[in-house]
Structure formats: structure tokens, C-alpha cells
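The values are calculated or read from the model by the stated rules, or taken from the named source; none is laboratory data. None of the values given here were measured: they were computed from a predicted structure. Cβ sites come from the backbone with ideal geometry, for glycine too, and all protein chains shown count toward neighbours. For accessibility, only protein heavy atoms count, side chains too; no ligands or nucleic acids. Shrake-Rupley method; radii C 1.70, N 1.55, O 1.52, S 1.80 Å.
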Amino acid sequence: MLSFLNPVLLLGILGASIPIIIHLINKRKSVSHKFAAIDFLLETNKRISIKFKIRQLILLILRASLLMFLALSLAKPFIKNSGGGAEEKNIPTSNVIIIDDSFSMQYSDRQDSFFSSAKTAAKQIVDTFQKDDEAAVIACSSSKPLVLPELEDDKKHLFNAIDQFHPGFTATHIMSALDTAVEILASAKTSIRRIFLLTDMTRNGWDPHWFKSGHEKLQRHVTRFHILDVSEGRILKNIAITHAELQLNLMERNAEIRIKATISNFSPVPVKDLPVHIYIHGKKSAQGFFNIETNASETKEFFITAERGKDIYGWVEIPGDNLLADNKRYFTINASQPIEALLIDGDPKTNIYESETFYLEKALNPGREHLSSIKPSLCAIHEVNNMTFADFNIIFLCNVETLPPEKIQELGKFVQEGGTVIFTLGNNVDADYYNTAFGALLPHRLHTIRTFSSNSPLSEEQPLHLKTTEPIHPVMSILSESQISMLSLVKFYRIFYVDPTPLGSCKTILSFSNDTPALIERQVGQGKSVLFAASIDRDWTDFPVNPFFLPVMQQLCRYVTGSIPEEISKEILVKDAWQYPCAFDTNVIEITDPDGTQTVVQPQFADNEKYFKYEETKMPGIYAVTIDGKLHPQFPAYFSVNVDPAESNLKKINKSEITALMGGTKLSITTSHTGEESNVLLGEAKKTLWGQLLFLTLCILFLESFISRK
């Protein structure tokens with residue numbers, strides 16, 4: 001069916017009468033005066049006169065056609081889809097309008113962004129609804145709303161709902177939006193149920209696996225599916241920072257930060273001499289230039305020296321382009337707080353390599369080549385009365401036979417007030433004494449020593465090995481998968497069995513290969529107690545000479561004290577939750593987002609662990625963590641949030657792919673300016689004709705000019 005977007009302009013067809021009127025006026029006969037001298041000339045020019053009249057008639061037709069076709073093209077004719085809105089006219093409909101609010105919709109190469117165009121188009125669609133039509137408007141966000149919006153027929157409310165939407169910083173999640181739309185329409189009572197999706201058609205938002213079952217839901221609950229490409233089918237250009245990897249090398253006084261920045265060119269043209277800047281605390285600290293081929297990436301390293309022991313935040317930045325959201329990538333480095341550890345050696349030797357604490361001391365502070373924030377202090381058993389436990393964060397009792405009663409009381413108070421004691425065993429340890437003297441602190445009562453054979457293939461009992469628990473304890477999270485797999489290579493020839501019943505709130509960090517506990521923690525008051533059911537030297541095991549002994553011991557110290565190592569924070573993407581454990585005496589923290597909005601966060605509990613969880617990561621940037629408005633050593637001063645780099649690739653999905661995925665659902669895909677009228681927005685324009693008419697008008701104009709000059 002032929003229709004017009006601007007039917008009023010069809011009145012311009014009347015302009016075709018103008019050249020006809022002029023022709024008729026010029027055709028009036030003039031007064032004749034016979035003159036004998038020219039009779040002969042008139043007779044000879046009859047044939048020329050006939051040709052002249054034919055030429056004038058052709059010009060008349062061309063000029064009239066020129067005005068007529070110009071009026072038709074301005075009226076914008078199109079052929080309606082016979083399966084479109086004709087049968088839906090004057091029939092109540094239920095509609096869900098989905099507005100893509102992913103950060104790629106912030107793309108703008110003109111005055112308005114794609115998101116602004118989508119909101120304008122959504123209002124135009126609502127404006128076309130009849131009296132009994134109902135609709136709901138949802139965003140293409142990653143999370144499903146807790147309460148589904150209701151279908152309503154109040155256009156004012158729908159307009160207000162559209163105005164409330166703002167472009168976000170998440171990746172596109174069209175599938176979750178379709179699930180929500182289908183659920184809304186499933187309860188509709190009308191026979192015609194439509195979905196309108198306003199998007200930029202980037203491929204990242206489409207999951208083909210969803211349609212394996214999703215197309216059946218669409219066919220069952222959706223009459224028609226209209227898609228409006230607000231990018232108008234254009235090829236989109238984008239340059240983005242897709243990765244920023246940091247490594248930290250500690251020196252005596254400073255820290256060297258190595259930043260590997262990856263810039264990706266998602267454009268059909270290469271990029272030359274693109275400037276990239278590194279900012280630390282808002283100040284430009286380094287820069288470089290990138291040359292990137294079409295649809296390729298390039299990585300370069302930057303080296304920056306920063307003050308050791310200070311919390312650091314910064315970002316990598318490229319110049320602005322059509323999509324600003326991915327032109328910065330943020331990072332933070334959290335400064336470690338010094339941990340004071342007292343190592344009480346219960347079995348000192350003249351040869352220091354044989355002393356109980358030799359390997360432990362070297363693991364906690366390896367020396368100048370590997371600087372550590374953990375400061376171990378050695379103490380023999382006869383020197384313990386000269387030590388004040390409150391001066392330390394951690395007390396290690398390494399194969400200690402006995403302690404004076406007053407120091408046992410001091411140790412109990414130390415742990416109750418937030419300190420940590422770590423028991424490592426050995427030949428000097430008597431189970432009965434420990435159960436009596438340290439029963440208030442031990443995670444489990446000690447039972448008996450069990451000796452396994454040496455490493456002989458003929459032995460019936462082989463040495464025990466280590467294995468992690470499920471889920472993996474935070475102490476072990478520092479190890480790589482290859483390091484965790486190497487735990488099975490550690491050999492234990494003698495261990496302490498413990499009673500299976502714990503003495504308090506306990507967790508097993510590591511187990512032996514026979515499933516008996518190896519490393520156990522217990523919450524005692526505000527502090528912690530840890531038991532290692534073997535020796536910490538090489539008397540009972542080869543654990544201290546394995547490469548992962550160092551990171552496990554250091555991570556254990558950081559974990560039990562709630563301290564933060566001087567390390568790069570784990571990257572958090574927009575809408576991901578930030579979570580951090582805390583001490584039991586911390587009741588509230590404040591988190592300030594990049595816009596300066598402060599949120600007070602209350603603690604949560606899970607599995608006897610207290611932690612803070614912040615879920616309002618709605619925008620990329622640097623977030624600050626404070627207690628009573630000040631930084632606190634137990635928490636990172638900052639954490640960074642970034643956009644998902646997958647959304648930076650603006651490659652589009654084509655119409656044939658979407659049609660195939662829909663599996664028979666009635667579908668229309670429109671690539672249209674948002675200023676056009678409702679019929680096109682509703683997907684009812686099968687083919688527009690005004691382009692061809694304008695071309696024909698131009699051809700007539702050239703032909704008329706050519707003939708008139710003859």
C-alpha cells in the first residue's frame with residue numbers, strides 16, 4: 001500500500017498547472033496583417049514550424065513533470081509492509097519499548113548522542129498509540145528489575161518514564177531486556193503484543209545462545225518485533241583503551257610502577273601518532289605515541305617512579321573521540337602498612353640454618369632483593385620476658401616448649417584485643433601442656449604425633465602432602481593455578497593430629513592429603529589464632545624450601561592482621577561489587593564515588609567473616625574509602641572501576657543474522673532518522689520511494705535544460 005509521510009505537500013502537484021497555463025497564454029493568436037513579400041517564406045517554413053511545436057510540447061510535459069515529481073518526493077511516499085500495522089489498526093495493543101542504555105549509546109558524531117535519539121524515537125512511538133493501547137518502557141540494563149514495570153495507557157506517565165532514563169556505563173545486555181519484555185507481555189490481555197528495541201545494533205549485545213530457547217518465547221508471547229537502528233546504519237569509528245596492566249617493583253625508598261597500556265583501533269582507518277598520557281594523582285606523569293592499524297591493537301610500556309608506602313591512583317588517557325566513555329582506564333595501588341611480627345624460637349641452634357625460625361624469617365623479609373612490609377623480630381625463649389606482646393601485630397610460637405604463666409595471660413589478652421598468635425609445632429611440643437595452657441586460643445586440641453616413613457617407594461605409608469580446601473581460602477588466593485597444583489609435591493614425614501571437634505569458630509586453610517587439618521584459623525575475640533600442625537623448619541617437612549612457602553607465609557600475615565599488601569588492586573568493572581574483609585571492631589565505612597557522592601556502608605557477615613560490600617559502582621573512576629572522613633590503614637584508600645572493554649568494539653550485527661535468530665517471529669528492522677514520522681518508526685515502511693523520485697526529478701531538470709537550449 002502506497003502512503004506518504006507528508007501528504008499535505010501533495011498539494012504541490014497543482015504546481016504542474018503553471019507551465020500549462022503559461023503555454024496556453026502564449027498560444028493566443030495575434031492580429032494578422034498580410035504582406036505579399038513574405039508569403040513565399042511562410043510556405044517554406046511550415047516543416048520547421050511543426051518541429052518547433054513538438055519541441056514546445058515536450059518542454060511543457062517536462063516542466064509539468066518536474067514540478068509534479070518534486071512535490072511527490074517532498075511528500076515522502078513509501079510502500080507499507082502488507083504484514084505490518086494494517087491489521088493492527090484500531091485494535092488495542094500491548095507494547096514494551098526497550099531503550100539500549102549501554103555506554104556505546106553515548107556515541108555522538110553529530111549534535112545528539114545515539115541515546116538522545118533513542119529517547120526521542122521512544123516518545124514518537126508512544127505518541128502514535130491509540131486510546132486503548134498500553135505500554136511499558138524498560139532499559140537494556142544488565143540486571144533484571146526487582147519489580148516489573150506495569151503496562152499502562154497514560155502517555156504522560158510514559159513520557160516521564162522515558163525522561164528518567166540516562167545512558168549508563170555497562171555493556172549491552174539485550175537478552176536480559178528481552179526476558180523482561182516477554183515476561184511483561186506474557187500477562188497482557190490484548191491479542192497484539194509488540195516489542196520495540198531502540199539500539200545501535202552493535203554485535204556485543206547479541207547472544208546467539210539465548211535464541212535457542214528464546215525464539216520460542218518470542219513466538220508464543222510477541223506478535224511483532226520492531227528494531228530501530230538509531231545509528232542510521234552508519235559504520236562507527238572508535239579508539240579505546242582496552243587494557244592497563246600494572247606491575248610493581250619495590251625499591252629502598254621508592255616504588256617503580258610499570259604500566260602496560262593497550263590501545264585498540266575499532267575503525268576502518270589506521271591511527272597515526274595517537275598521544276597517550278599517564279596521570280598519577282591528577283598530574284601528567286608520562287606520555288607516548290601509538291600507531292595502530294585498522295581493527296588492531298598496540299601495547300606499550302610506561303615506567304613511573306612513585307613514593308613507597310603511599311596509596312596511588314591514576315589513569316591512562318587518550319584524546320576525545322565520538323565515544324568518550326572508554327578514553328580513560330583507571331588504576332589504583334594500595335600502600336602496605338608495616339606488620340610487626342615477633343618470632344619466638346623454641347629450638348635455636350648454633351648453626352642458624354638449623355634454627356626453628358630461619359626459613360620463616362627469610363620468608364617474611366627476604367632482604368634487599370625482595371623488600372617486604374613485614375618486619376620480623378627474633379626472640380629466644382629465655383628473652384621472652386623482656387618482650388611486650390602489644391608492641392607487635394603477630395606472635396609466632398615456633399616449637400616453644402613452655403611460656404611463663406604471666407606471658408600466657410598477656411598472650412590471651414593480646415589476642416582478645418585484636419592481635420594474632422600463630423602456633424607452629426615440633427618435637428618440643430607436649431600436647432597435654434598446650435591443651436591446658438593455650439586451650440583458650442587453640443583452634444583444635446592437640447592429640448598425638450604421627451610419624452610417616454621416609455621417602456621410600458617400598459614403604460607402606462608414604463609422606464603426606466598438602467591440598468587446598470573448597471572454596472579456596474583467601475590466604476591461598478595469592479597462588480597461581482600452577483603453584484596450587486605443586487602443593488601435592490610437598491612432603492610431610494611427621495605431623496600432629498588434632499581432635500576433630502573445633503574449640504571455637506574455625507576454618508581450615510590447608511589440609512593434609514589424608515584430609516586431616518594442616519593449617520587452621522580461629523576467631524578469638526577481636527583477634528585470630530592460627531595452628532600449623534607441623535614444624536616450620538625442615539625437621540618434619542620440606543615445605544620451607546618450596547617456592548610457594550614465601551607467598552603463603554606473607555599472605556597469612558596480611559590476612560590475619562587485616563593489612564593490605566603494597567599491590568595492584570583487582571580491577572572492578574561497572575556494576576561489579578567491591579568487597580573487602582574488615583576487623584571486628586570496625587562498624588561503618590564511607591565510600592565516595594567519582595561524582596563526590598558519599599555512601600555509608602554497613603558490615604555484613606558470612607561464614608563467621610565480617611566484610612563490607614559496596615554495589616553502587618555505577619560509573620567508571622576512582623572511589624575513596626574512609627572512616628569518619630579519614631583514611632584508615634586497615635582499608636585501601638582507593639579502588640578503581642572501569643568500563644567493560646568488550647563494549648568498545650562497535651562492530652554491528654547485520655539484519656540477516658537477526659532475522660535468522662528470531663526463528664519466524666514477525667520482524668522489521670528500520671534504519672531511519674528519528675525525526676521521521678511514526679509509520680517508519682513502527683517498522684511499517686517496507687520501501688521508501690522519495691530517493692528515487694528526487695533522482696528522477698534531477699534527470700528531468702537536466703533533460704529540460706538540454707532541450708531548451710537547442
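A compact table of results
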{"quantity": "Rounded to 10°, Cα long-axis angle of helix 549-561 versus longest principal axis of the chain", "calculated": "80 degrees"}
{"quantity": "Heavy-atom accessible area per residue - the chain, 1.4 Å, Å²", "calculated": "50 Å²"}
{"quantity": "P(r) histogram, all alpha-carbon pairs of the range 425-512 included - 5 Å bins from 0, percent", "calculated": "3, 12, 17, 19, 18, 18, 10, 3, 0"}
{"quantity": "Cα-based convex hull, the range 202-280, per residue volume (Å³, whole number)", "calculated": "194 Å³"}
{"quantity": "Cα-based helix-to-principal-axis angle, 174-186 vs the chain, degrees rounded to 10", "calculated": "70 degrees"}
{"quantity": "Binned Cα-Cα distances of the range 123-251, short to long, each 5 Å bin given as a whole percent", "calculated": "2, 8, 16, 21, 19, 13, 8, 5, 3, 2, 2, 1, 1, 0, 0"}
{"quantity": "His632 long-range amide H proximity, modeled H, under 5 Å", "calculated": "Ile627"}
{"quantity": "Other-chain or far-sequence residues with amide H under 5 Å of Tyr638's (modelled H)", "calculated": "Val625"}
{"quantity": "Links that overshoot a 18 Å alpha carbon limit, given the list Lys119/Lys156; Lys260/Lys613; Lys375/Lys413; Lys156/Lys189; Lys528/Lys610; Lys310/Lys618", "calculated": "Lys260/Lys613; Lys375/Lys413; Lys156/Lys189; Lys310/Lys618"}
{"quantity": "Per-q log10 I(q)/I(0), the range 224-376, q = 0.12, 0.17, 0.18 Å⁻¹ (Debye; single scatterer per alpha-carbon; no solvent)", "calculated": "-0.68, -0.98, -1.04"}
{"quantity": "Ellipsoid semi-axes in whole angstrom, largest first, where each is sqrt(5λ) of the Cα gyration tensor of the range 349-425", "calculated": "23, 17, 10"}
{"quantity": "Karplus (6.51, -1.76, 1.60) ³J(HN,Hα), θ = phi - 60°, over the range 529-537, in Hz, Gly and Pro reported as x", "calculated": "10, 10, 10, 10, 7, 7, 7, 9, 9"}
{"quantity": "Estimated vicinal HN-Hα couplings, Hz - the range 258-265 in sequence order (Karplus 6.51, -1.76, 1.60; Gly, Pro = x)", "calculated": "10, 10, 9, 9, 10, 10, 10, 10"}
{"quantity": "Histogram of C-alpha separations across the range 336-492, 10 Å bin width, %", "calculated": "9, 30, 38, 20, 3, 0"}
{"quantity": "Option label - P(r) over Cα pairs in 20 Å bins from 0, in percent computed here, alternatives [x] 14, 44, 33, 8, 0; [y] 15, 39, 31, 11, 3, 0; [z] 14, 31, 26, 17, 7, 4, 2, 0", "calculated": "[z]"}
{"quantity": "In sequence order, calculated HN-Hα J values of the range 131-137 (Karplus, 6.51, -1.76, 1.60; Hz; x Gly/Pro)", "calculated": "4, 9, 6, 10, 7, 9, 10"}
{"quantity": "Eligible aspartates and glutamates near Lys212 by straight Cα distance, threshold 18 Å, same-chain separation 8 or greater", "calculated": "Asp179, Glu183, Glu657"}
{"quantity": "Percent accessible area from carbon and sulfur atoms, the chain, protein chains only, probe 1.4 Å", "calculated": "53 percent"}
{"quantity": "Helix 405-416 axis, angle to the chain major axis (alpha carbon atoms, nearest 10°)", "calculated": "10 degrees"}
{"quantity": "Theoretical ellipticity at 222 nm over the chain - DSSP helices of four or more residues, -39500 (n - 2.57) apiece, nearest 500", "calculated": "-7000 deg cm²/dmol"}
{"quantity": "Ratio of Rg to Rh over the range 482-627 (Cα coordinates, Kirkwood Rh, two decimals)", "calculated": "1.05"}
{"quantity": "Magnitude of the charge dipole, the range 438-515, Cβ model with Lys/Arg +1 and Asp/Glu -1, debye to 20", "calculated": "220 debye"}
